[in-house]
Amino acid sequence: MSMLVLEDVHTHYGKIEALHGVSVEVNKGEIVSLIGANGAGKTTLLMTVCGMPQASSGRVVLEGRDITHEPTSQIMRSGLAIVPEGRRIFSGLTVEENLHMGGFFNTKSEIRKSQAHVYELFPRLKEREHQRAGTMSGGEQQMLAIGRALMSRPNMIILDEPSLGLAPLVIKQIFEIIGHLREEGITVFLVEQNAHQALHLADRGYVLETGKIRLHDTGKNLLENPDVQNAYLGG
Amino acid sequence: MAANNFRHALFCAVVTLIISIPILGLNLEAKGINIILTGAKTSTYVAIVLAAVAVFVFQAYRDSIMGLLGKLPNFNPLADKEPMEQSKRVKLESWILTGIVVLALFWPFVVSRGSVDLATLVLIYVMLALGLNVVVGLAGLLDLGYVAFYAVGAYTFALLSQYTGISFWMALPIGALLAGLTGMILGFPVLRLRGDYLAIVTLGFGEIIRILLNNWTTLTGGPNGIGGIPEPTLFGMEFGRRVKEEGNTSFHETFGIAYSGEHKVIFLYLIALVLAVITALIIRRFMRMPVGRAWEALREDEIAARSLGLSRTAVKLSAFTIGAFFAGFAGTVFASKQGFISPESFVFLESAIILAIVVLGGMGSQLGVILAAIAVTILPELAREFSEYRMLIFGAAMVLMMVWRPQGLLPMRRIHITLNKQE
Ligand SMILES: Nc1ncnc2c1ncn2[C@@H]1O[C@H](COP(=O)(O)OP(=O)(O)OP(=O)(O)O)[C@@H](O)[C@H]1O
Ligand SMILES: [Mg+2]
């Protein structure tokens, strides 16, 4: 049963085409990793799902609904959440206010429940509840970004390089949490430079090269693939 | 001095000359039916050259001069204080605001008529600044044409009173709603623009409205304006010596007291006070509501806010509309206070002053905005001899402000810049 399907998606920035016909499928309950070099178009692919920018041709289908031409505000209110590249927390707001923004379209009691749940996943955030988010460490900010995305109780979460710029210990923590999300039944679509860990965790993986899908296989097979090892796993 | 600096300074001096010679050095004079161009006195030219030299010297040594400015002692006692905790702050702010309102209630009974009149004007600016604060301070949309909505409110009342004889109390909501509607209609196409572009387009709108008012003579009377705008009544009681509207009674007769011109002034002041308080309370309410948080979120990070499902257009439009609504509110009061309005009251300078109040007040904080409104309106009046230099003093104050306290008098949130520790 597919959660998200991209069919021959082309995306343009002005006249420049960044995605040249990408097809990806993410099934319900899976963790799917997307790896690729800098500038391959990973972020573009994820943002196209969110409608910023919209695909110029092809189809994006979320839980059986064609969202190709839907506005971002509508897409993001239907069970999809994203942890954007570079975290993008609201640095002037407190941790708690950030979380509340994540649950913007939920009722008060729903917000209370999800907040407690997020604090359970990230006890560190609870300790920093009233701290201004911009003053937290990089790792804490990343936890907040994930927590904020979880506030809307999504069926599917998209993460764009959650390990970027973090120390190994924190990265390990983050990957553990991502594994935990799958156990909760949340579908995960993950973009990572950290190919080794990402493929290890993933059920399936895609390799994106200059706007095209080059390879796609199970995580395990990709880890053993000599081309992937050469290009993304440091030989 | 680097060669680059020198060239830049030379360029600035030349620009000064190019701009000031035609503006100050040449005069148009009407001789009979002909208009002739005459040169100014030699002293003017000398002054222009001196100004150009001054510009050159300043630009050439700008870095060291600005460095010196930064080293000046800071007279602001709050400057180095640690920020207060948010909840404590909000409480303190509420107390101070209540104090100000109570003080303001008694104020008109102890001071002169002129002071009350001025205070009414301050209150109108408070309303305007609180409204613009939503747009600029909270939503982060730089609106340079805010005065357009003020004009819509004022002209709505003026025109309705002229053609239908509407009363102040009826016009108040209509003027505000119409201004809000104008904000919504104008905002819709332009709110996609960001930053500087939005500023320029709103600046244009402000001018378009003013020029429209100036030239649509059949409707608005053009530069001659509209007069005879009625004052507010109190439950059908008028404050004039004689009752103008049929069915109304007069205030001094009803209460059996002698007629005094002061009653009217004080009454207007009290109305403005009540409306300013209502404005502050409503906007405070908005700030606490989800829509208020949405404004802040969108200002802080547009992509993040959108990725949470917030609609950029809806959020921005709500701020723009609410801001315009209160400008219309203020405009109606202004029209009623003046009794006469013309496009001259709605020039760009007004937008600039209101914006200056918001910036001086600290972008977002209501108390800051109120204090700044008082300062900006009253200070020039206190220094009347300098009134011609009002703008100059203003500019100097802004420069000092940016050197000492770039976040405004009472910023809503202190901006912390800290390096993120890596774990
Ligand atoms: N807003 C934009 N306007 C124009 N071109 C863009 C824009 N964003 C991305 N691009 C271009 O699209 C291509 C793909 O960029 P994208 O950010 O999707 O790559 P990425 O795989 O996420 O890279 P990284 O690993 O560095 O994050 C690049 O060539 C980039 O220059
Ligand atoms: Mg990227």
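The values are calculated or read from the model by the stated rules, or taken from the named source; none is laboratory data. A quick note: this is a predicted structure, and the numbers were derived from the prediction, not measured. Using ideal geometry, Cβ is built from the backbone for each residue, glycine included, and neighbour counts are taken over all protein chains shown. Surface areas here come from the heavy atoms of the whole protein model, side chains and all, with no ligands, DNA or RNA. Shrake-Rupley method; radii C 1.70, N 1.55, O 1.52, S 1.80 Å.
Each residue in segment A:128-174 was checked for being of a type in the set (Ser, Thr, Tyr), out of contact with any strand residue (DSSP E or B) (no Cβ under 7 Å at 6 or more places or on another chain) and closer than 23 Å to A:Gly103 by Cβ, and 1 of them qualify. Residues in segment A:68-86 that are open to solvent by 40 Å² or more (accessible area, probe 1.4 Å) and in a loop (DSSP other than H, G, I, E, B) were compared, and the one that is nearest to ligand 1 (Cβ to nearest atom) is A:Glu85.
When B:Phe320, B:Phe286, B:Phe326 are screened for being open to solvent by 20 Å² or more (accessible area, probe 1.4 Å), of a type outside the set (S, T, N, Q) and in a helix (DSSP H, G or I), only B:Phe286 passes. The residues of segment A:117-161 that are open to solvent by 10 Å² or more (accessible area, probe 1.4 Å) and within 16 Å of ligand 1 (Cβ to nearest atom) amount to a single one, A:Glu161. Residue-level check: of (1) crowded, with 24+ Cβ neighbours inside 10 Å; (2) of a type in the set (D, E, K, R); (3) farther than 23 Å from B:Gly361 by Cβ, B:Asp143 misses just (3).
Taking the criterion of being crowded, with 22+ Cβ neighbours inside 10 Å and away from chain B (no Cβ under 14 Å), the residues of segment A:44-67 that qualify are A:Leu45, A:Ala55, A:Val60. A:Val228 falls short of the stated requirement of being within 16 Å of ligand 2 (Cβ to nearest atom) and either farther than 28 Å from B:Asp301 by Cα or of a type in the set (Gly, Ala, Ser) (or both). Filtering segment A:14-43 to residues that are of a type in the set (A, V, I, L, M), within 15 Å of ligand 1 (Cβ to nearest atom) and open to solvent by less than 10 Å² (accessible area, probe 1.4 Å) leaves A:Leu19, A:Val22, A:Val24, A:Leu34, A:Ile35, A:Ala40. Within the set A:His196, A:His180, the sole residue that is more than 16 Å from ligand 2 (Cβ to nearest atom), closer than 13 Å to A:Ile35 by Cα and without any contact (Cβ under 8 Å) to a residue 60 or more places away in the chain turns out to be A:His196. For the structure I just gave you, tell me whether A:Ala231 is within 15 Å of ligand 1 (Cβ to nearest atom), assigned to a helix (DSSP H, G or I), away from every other protein chain (no Cβ under 14 Å) and surrounded by 21 or more Cβ atoms within 10 Å (Cβ to Cβ). Judged against the criteria, A:Ala231 is not a match.
Scanning segment B:96-135 for residues that are in contact with a Gly (Cβ under 9 Å, 6 or more places away or on another chain) and either of a type in the set (Ser, Thr, Tyr) or open to solvent by 10 Å² or more (accessible area, probe 1.4 Å) (or both) returns a single hit, B:Arg113. A single entry from B:Ile35, B:Ile19 fulfils the requirement of being surrounded by 11 or more Cβ atoms within 10 Å (Cβ to Cβ) and without any contact (Cβ under 8 Å) to a residue 12 or more places away in the chain: B:Ile19.
If you scan segment A:76-86, which residues turn out to be of a type outside the set (Asp, Glu) and either within 16 Å of ligand 2 (Cβ to nearest atom) or more than 7 Å from chain B (Cβ to nearest Cβ) (or both)? Hits for segment A:76-86 are A:Ser78, A:Gly79, A:Leu80, A:Ala81, A:Ile82, A:Val83, A:Pro84, A:Gly86.
So A:Arg112 fits all but one of (1) free of Cβ contacts under 8 Å to residues at least 12 places away in the same chain; (2) within 13 Å of another protein chain (Cβ to nearest Cβ); what number is the exception? All conditions are met except number (2). Just so you know, in segment A:87-108 the residues that are open to solvent by 60 Å² or more (accessible area, probe 1.4 Å) and more than 9 Å from chain B (Cβ to nearest Cβ) include one that is farthest from A:Ser152 (Cα to Cα), and it is A:Lys108. The set of residues in segment B:306-323 being among the hydroxyl-bearing types (Ser, Thr, Tyr) and within 13 Å of chain A (Cβ to nearest Cβ) consists of B:Ser307, B:Ser311, B:Thr313. Write out, first by first residue and then by second, each pair whose Cβ atoms fall under 7 Å of each other, whose residues are 6+ apart or on separate chains, and whose first residue, in segment B:48-61, is under 15 Å from B:Leu24 (Cβ atoms) while the second is in a helix (DSSP H, G or I) and open to solvent by 40 Å² or more (accessible area, probe 1.4 Å). Once the first residue is under 15 Å from B:Leu24 (Cβ atoms) and sits in segment B:48-61, its partners that are in a helix (DSSP H, G or I) and open to solvent by 40 Å² or more (accessible area, probe 1.4 Å) give B:Ile48/B:Leu17; B:Ile48/B:Ile21; B:Ile48/B:Leu24; B:Ala52/B:Leu17.
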